[in-house]
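Peer 1: Here's a structure for you.
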Amino acid sequence: MDIILKQDLDNLGYADEIVKVRPGYARNFLIPNGLAIIANEENRKVLAETMKQRAHKAQKIKGGAEEQAKKLEAMVIKIGAKVGESGKIYGSVNALQLADALSKLGVEVDRKKIHLDSEHIKTLGTYSAVVNLHKDVKAKVNFEVVAE
């Protein structure tokens, strides 16, 4: 019996996937618990339309992320930090300061999506970071740590 899964199930398949299972398993467990629906002609058409719409939305989101990546890679970002007499920074520069600097330039990025090349930046200089904008789109951001 063919069914359409409503959610991911271990050892069976992923959501919105058509799988073949034994009729008793489908009628007695999957369908009554709301884990699947019967894969008749009508439900297959609904699934095809849903997948088409999701693909269109995903492409639109990915296109926006690619535009934002181009904008980020072209930016010159300066992060100010307090510096001691020896040239070392008090504290360190992390993803939070970089996210704040980006938001001042008009680009909103979650700090959790920013990965610095070196974990703790404690000296002045030029550094780079990778920003995950989408599962397929990553942008390399160059920034400079300057004395305030």
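The values are calculated or read from the model by the stated rules, or taken from the named source; none is laboratory data. Quantities reported herein were computed from a predicted structural model and do not represent experimental measurements. Cβ sites come from the backbone with ideal geometry, for glycine too, and all protein chains shown count toward neighbours.
Peer 1: In this structure, is Lys70 surrounded by 13 or more Cβ atoms within 10 Å (Cβ to Cβ), within 21 Å of the chain's Cα centre (by Cα) and within 16 Å of Lys140 (Cβ to Cβ)?
Peer 2: Values: surrounded by 13 or more Cβ atoms within 10 Å (Cβ to Cβ): no; within 21 Å of the chain's Cα centre (by Cα): yes; within 16 Å of Lys140 (Cβ to Cβ): yes.
Judged against the criteria, Lys70 is not a match.
Peer 1: I would also like to ask the following. Is one or more of the residues making up the range 6-19 assigned to a helix (DSSP H, G or I) and either surrounded by fewer than 10 Cβ atoms within 10 Å (Cβ to Cβ) or touching a Phe, Trp or Tyr at 6+ places or on another chain (Cβ under 8 Å) (or both)?
Peer 2: no
Peer 1: Now, a different point. Just one of Ala99, Ala26 is modelled with pLDDT of 90 or more, surrounded by 16 or more Cβ atoms within 10 Å (Cβ to Cβ), in the same structural domain as Phe143 (by TED's automatic domain parsing) and part of a helix (DSSP H, G or I); which is it?
Peer 2: Values: Ala26 fails: in the same structural domain as Phe143 (by TED's automatic domain parsing).
When all the criteria are applied, what remains is Ala99.
Peer 1: Mind counting the residues in the range 124-148 that are outside any loop (DSSP other than H, G, I, E, B), surrounded by fewer than 16 Cβ atoms within 10 Å (Cβ to Cβ), over 16 Å from the mean Cα position of the chain (by Cα) and at negative phi?
Peer 2: Qualifying residue count for the region: 6.
Peer 1: Among the residues of the range 36-45, are any among the polar types (S, T, N, Q), surrounded by 15 or more Cβ atoms within 10 Å (Cβ to Cβ) and at pLDDT 90 or above?
Peer 2: Yes, the range 36-45 contains at least one residue that is among the polar types (S, T, N, Q), surrounded by 15 or more Cβ atoms within 10 Å (Cβ to Cβ) and at pLDDT 90 or above.
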